[in-house]
Protein chains: 2
Amino acid sequence: MPRPTKQSPERGSARIRLLEAARDIIRAKGFAATTVDDLCRTAAVTKGAFFHNFGSKDALGIAAAEFWAETTSGFFAAAPYHDPADALERVLAYVAFRKAIIAGDLAEFTCLVGTMAQEVYASAPDIRDACGRSIFGHTATLEADIEAARRDHGITDDWTAESLARYTQAVIQGGFILAKAGNDPALAQESLDHLDRYIRHLFHVAEDDTDEWSH
Amino acid sequence: MPRPTKQSPERGSARIRLLEAARDIIRAKGFAATTVDDLCRTAAVTKGAFFHNFGSKDALGIAAAEFWAETTSGFFAAAPYHDPADALERVLAYVAFRKAIIAGDLAEFTCLVGTMAQEVYASAPDIRDACGRSIFGHTATLEADIEAARRDHGITDDWTAESLARYTQAVIQGGFILAKAGNDPALAQESLDHLDRYIRHLFHVAEDDTDEWSH
DNA sequence: GGATACATACCATACAGTCGGTATATGTCA
DNA sequence: TGACATATACCGACTGTATGGTATGTATCC
């Protein structure tokens, strides 16, 4: 446990390391079951550093949600699913990408803000709202592609891009719950296969005709 | 707070009342943030009664998941969505029923075992597994109708009844997360509209031609 | 020399869990 | 039928500790 020394270039990174620890531990144990000492131990910092950077445990929860929003938006912005010229292909590539990154341990790919929002719904409204902003901020990034795909494909059916973007999130989040409940990541992937089929239906395209991503 | 007296016919109901309190409080605050004292206060029993009926807080968590499985399976077994003679109509009626019971406060209609499984995934595997049994036990009750509908409609596409039953749960659970994150029950209902459309697609039936259940 | 970024010892309390006691029901044997 | 024993279902004061948070000191940077 090489704690950063005073001279170390890592100096000042206590905040980031605590946020990373929060991300990892809360996803596995939940917010309430994660103690400040847990976080300090994992981040290899002291309690003084914790309460210097965050005024309270709840404040860390909010900061963790915001940190999640920042890092994931960077991650998704850099992802290859934006490459296709066709908007619908980008949407389907997003779903395929979400499926592809489901690998390894459950606590590594499940959604921090989905877990927290669910858990602290009534006990910590501030954290819950921060989680909400993260989730709906992410759905908003999908909306433009979905809207463009609607236009390109001349879709006029009575569903909105906003609604489908949210539904996509719901399927992903629900898949995570099943995966956790059944302790099997494949359950999350299975949901995305259905979502892919649904989106193709909405845009009247045949299955598996844009690219290859099933077994 | 009329606590049951020694002579009261309510005698022996402490266990049930604690389980009901657990159901309500955990759905709002999460498992870890719910204290034994919270539960005793709400159930109007003493700590002695709590630890007489449950050996530990974790044991109550498991019992609460099992209680949830029992009561919800009774509730759904008695629900009117089983009435239609046609299997597909029963499946669609299930989705409509799930949408219809979304009313009132969020903590009243969201899923206890979905919330708990997500939260205690790594910190309390026994509780998580009890939640898993409840969730997948419920999906199993849908499977028969889906399978019958597949047969009746001559569907041979490469999805299974089991998989669609699980997907249905994923959509419902995911809808709950969005509803909590956005503090708006309509977000959960919206997901069920998409699910309805998807299922009709899978069975090649037009939208809204079997009954009325929108808005 | 002041602000920032920690470190460390300490504190108050909330928490899960314990333990000795009590009231009631049920069984049993004379 | 009644006395006694046993088991069940609680009651509520107590406890050890874990936990969130604080207070004070110190090194480094600007």
>> If a residue must be closer than 19 Å to B:Gln118 by Cβ and over 17 Å from the mean Cα position of the chain (by Cα), how many such residues does the range B:43-82 contain?
In response: 3
> Of all the helices (runs of 4 or more DSSP H) wholly in the range B:57-158, which have at least 1 residues that are more than 12 Å from chain A (Cβ to nearest Cβ)?
Replying inline: B:57-77, B:87-100, B:106-109, B:125-152
>> Would you confirm whether or not the range B:117-138 contains a residue that is under 24 Å from B:His201 (Cα atoms) and in contact with a Leu (Cβ under 8 Å, 6 or more places away or on another chain)?
In response: no
> How many residues are away from chain B (no Cβ under 14 Å), within 13 Å of DNA strand D (Cβ to nearest atom) and surrounded by 15 or more Cβ atoms within 10 Å (Cβ to Cβ) if we restrict to the range A:37-50?
Replying inline: 5
>> Consider the range B:106-129. How many of its residues are of a type in the set (Phe, Trp, Tyr) and free of Cβ contacts under 8 Å to residues at least 12 places away in the same chain?
In response: 1
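Could you tell me whether A:Ala165 is within 9 Å of chain B (Cβ to nearest Cβ), open to solvent by less than 30 Å² (accessible area, probe 1.4 Å) and small (Gly, Ala, Ser)? Even if it seems obvious, please write down each step before you answer.
On the way: within 9 Å of chain B (Cβ to nearest Cβ): no; open to solvent by less than 30 Å² (accessible area, probe 1.4 Å): yes; small (Gly, Ala, Ser): yes.
Criteria not met by A:Ala165.
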> Do we find that B:Asp193 is open to solvent by 50 Å² or more (accessible area, probe 1.4 Å), assigned to a helix (DSSP H, G or I) and under 26 Å from A:Ile135 (Cβ atoms) in this structure?
Replying inline: yes
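Listed residues A:Gly174, A:Gly132, A:Gly154, A:Gly137; which is within 14 Å of the chain's Cα centre (by Cα), surrounded by fewer than 24 Cβ atoms within 10 Å (Cβ to Cβ) and free of Cβ contacts under 8 Å to residues at least 24 places away in the same chain? Even if it seems obvious, please write down each step before you answer.
Details: A:Gly174 fails: surrounded by fewer than 24 Cβ atoms within 10 Å (Cβ to Cβ); A:Gly154 fails: within 14 Å of the chain's Cα centre (by Cα); A:Gly137 fails: free of Cβ contacts under 8 Å to residues at least 24 places away in the same chain.
Exactly one residue qualifies, and that residue is A:Gly132.
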>> I'm checking my understanding of the structure. Among residues of the range B:8-36 that are hydroxyl-bearing (Ser, Thr, Tyr) and modelled with pLDDT of 95 or more, which one is most open to solvent (accessible area, probe 1.4 Å)?
In response: B:Thr35
> Can you pull out the residues in the range A:168-182 that are facing chain B (nearest Cβ under 7 Å) and polar (S, T, N, Q)?
Replying inline: A:Gln169, A:Gln173
> Taking the range A:158-214 on its own, how many of its residues are modelled with pLDDT under 95 and among the hydroxyl-bearing types (Ser, Thr, Tyr)?
Replying inline: 2
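The values are calculated or read from the model by the stated rules, or taken from the named source; none is laboratory data. Quantities reported herein were computed from a predicted structural model and do not represent experimental measurements. Neighbour counts are summed over all protein chains in view; Cβ atoms, including those assigned to glycine, are modelled from backbone coordinates with ideal geometry. All accessible areas refer to the heavy atoms of the entire protein, side chains included, with ligands and DNA or RNA removed. Shrake-Rupley method; radii C 1.70, N 1.55, O 1.52, S 1.80 Å.
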